1. Could you tell me which of the residues Leu42, Leu71, Leu33, Leu120 is touching a strand residue (DSSP E or B) at 6+ places or on another chain (Cβ under 8 Å), modelled with pLDDT of 90 or more and on the phi < 0 side of the Ramachandran plot?
2. Within the group Ser21, Ser46, Ser35, Ser52, which residue is part of a helix (DSSP H, G or I), out of contact with any His (no Cβ under 9 Å at 6 or more places or on another chain), over 30 Å from Asp99 (Cα atoms) and polar (S, T, N, Q)?
3. Can you tell me which residue among Asp62, Asp78, Asp99 is over 18 Å from the mean Cα position of the chain (by Cα) and at pLDDT 90 or above?
4. Testing Gly3 on (1) surrounded by 11 or more Cβ atoms within 10 Å (Cβ to Cβ); (2) at pLDDT below 90; (3) of a type outside the set (D, E, K, R), one condition comes back false. Which one is that?
5. So which residues in the range 56-92 are in a helix (DSSP H, G or I), without any contact (Cβ under 8 Å) to a residue 12 or more places away in the chain and surrounded by 10 or more Cβ atoms within 10 Å (Cβ to Cβ)?
6. Of a type outside the set (A, V, I, L, M) and either closer than 30 Å to Val123 by Cα or part of a helix (DSSP H, G or I) (or both): does that describe Arg103?
7. Taking Ile115 as meeting all but one of (1) in contact with a strand residue (DSSP E or B) (Cβ under 8 Å, 6 or more places away or on another chain); (2) under 24 Å from Ser126 (Cβ atoms); (3) not basic (Lys, Arg), write down the number of the exception.
Amino acid sequence: MSGARELRIHVGMASLVTIFSVLCLTIFAVLTLLSARSEQDLSEISAEAIRSYYAAEAAVCDRTAALQADLEAGRPIDPTIAVWEEADVRFYRLTEPIDHARRLECILRSDANGITVAALRTVAYSADNTD
């Protein structure tokens with residue numbers, strides 16, 4: 001017999017490698033599941049924000065049509081609508097809540113040609129102005 005020893009893999013070493021591989025795959029599977037769940041939650045929040053925005057926009061469109069009908073019929077307008085005039089042009093401001101942090105603001109311009117949308121924007125509620 002020579003003094004050199006043969007290098008062999010024992011059954012215990014193969015079991016350790018297998019256990020380590022299964023552990024790594026389990027960790028990656030759990031991380032993937034957590035990531036997918038987090039992305040699903042984010043997409044649900046985004047979808048709700050979009051639904052809220054378009055619901056507010058539809059309400060503003062309905063209120064604009066009602067305003068135009070009131071003006072044509074000579075009826076008094078909704079007292080929640082702000083009105084001001086600049087150089088023979090009348091402006092109306094309609095606001096509709098989107099969610100707890102934002103509102104949709106629509107500025108309408110009324111002149112001899114009728115009512116047109118001058119601006120439509122999303123405005124954040126501020127601490128000092130919560131109307």
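1. Values: Leu42 fails: touching a strand residue (DSSP E or B) at 6+ places or on another chain (Cβ under 8 Å); Leu71 fails: modelled with pLDDT of 90 or more; Leu33 fails: touching a strand residue (DSSP E or B) at 6+ places or on another chain (Cβ under 8 Å).
Going through Leu42, Leu71, Leu33, Leu120 in turn, just one is touching a strand residue (DSSP E or B) at 6+ places or on another chain (Cβ under 8 Å), modelled with pLDDT of 90 or more and on the phi < 0 side of the Ramachandran plot: Leu120.
2. Testing whether each residue is part of a helix (DSSP H, G or I), out of contact with any His (no Cβ under 9 Å at 6 or more places or on another chain), over 30 Å from Asp99 (Cα atoms) and polar (S, T, N, Q) leaves just Ser21.
3. Numbers: Asp78 fails: at pLDDT 90 or above; Asp99 fails: over 18 Å from the mean Cα position of the chain (by Cα).
Residue meeting the stated conditions: Asp62.
4. Gly3 satisfies every listed condition except (1).
5. First, the residues of the range 56-92 that are in a helix (DSSP H, G or I): 56-73.
Cutting the leftovers down to without any contact (Cβ under 8 Å) to a residue 12 or more places away in the chain gives us 58, 61-62, 65, 69-70, 72-73.
Selection gives Ala58, Cys61, Asp62, Ala65, Ala69, Asp70, Glu72.
6. Working: of a type outside the set (A, V, I, L, M): yes; either closer than 30 Å to Val123 by Cα or part of a helix (DSSP H, G or I) (or both): yes.
Yes.
7. The single condition Ile115 does not satisfy is (2).
The values are calculated or read from the model by the stated rules, or taken from the named source; none is laboratory data. Keep in mind that this is a model prediction, so the values were computed, not measured. Ideal geometry is used to build each Cβ from the backbone, glycine not excepted, and the neighbour counts take in all protein chains shown.
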